[in-house]
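Read through the structure below, which is laid out as structure tokens, and then see the notes.
The values are calculated or read from the model by the stated rules, or taken from the named source; none is laboratory data. Fair warning: this is a prediction, and the values are worked out from it, not measured in the lab. We place every Cβ from the backbone using ideal geometry, glycine too, and count neighbours over all the protein chains shown.
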Amino acid sequence: MQQLKIKVTVANRAYPLTINRKDEEDVRKAVKNIEDRLKLYESKFEARDTQDLLSMCLIEMAVKVFADDKKVKVDSSLEEKLLKIESIIDNNF
């Protein structure tokens with residue numbers, strides 16, 4: 001894999017990263033998403049402390065990850081059941 005060195009800025013702080021070249025677009029989209037959420041929280045809440053705003057972003061994103069993980073588990077279970085049904089149908093025809 002070809003490595004790429006980039007700098008991203010989150011909450012006015014620059015972070016140098018070494019990433020796979022193929023991941024650059026995803027990393028930049030993630031940073032943009034974080035920055036957008038920070039601006040939203042800053043406009044909605046009285047909290048002006050960057051740490052508080054970052055914590056709210058982190059909690060929101062972690063909840064989404066856990067929800068997505070649950071969905072994947074449900075989808076996997078459904079897929080297994082559908083494969084069993086397909087096998088039964090195939091064996092009976």
Glu25 being exposed (fewer than 10 other Cβ atoms within 10 Å of the Cβ), without any contact (Cβ under 8 Å) to a residue 24 or more places away in the chain and acidic (Asp, Glu): yes
Count - residues of region 13-22 that are free of Cβ contacts under 8 Å to residues at least 12 places away in the same chain and either in a loop (DSSP other than H, G, I, E, B) or surrounded by 10 or more Cβ atoms within 10 Å (Cβ to Cβ) (or both): 1
Whichever residue in region 41-59 is closer than 17 Å to Thr9 by Cα and among the hydrophobic types (A, V, I, L, M, F, W, C) and, among such residues, is surrounded by the fewest Cβ atoms within 10 Å (Cβ to Cβ): Leu58
Residue that is outside any helix (DSSP H, G or I) and either touching a residue at least 24 places away in the same chain (Cβ under 8 Å) or among the acidic types (Asp, Glu) (or both), where the choices are Glu35, Glu46: Glu46
Leu17 aliphatic (A, V, I, L, M) and at pLDDT below 95: no
Gln2 free of Cβ contacts under 8 Å to residues at least 40 places away in the same chain, in contact with a helix residue (DSSP H, G or I) (Cβ under 6 Å, 6 or more places away or on another chain) and surrounded by fewer than 12 Cβ atoms within 10 Å (Cβ to Cβ): yes
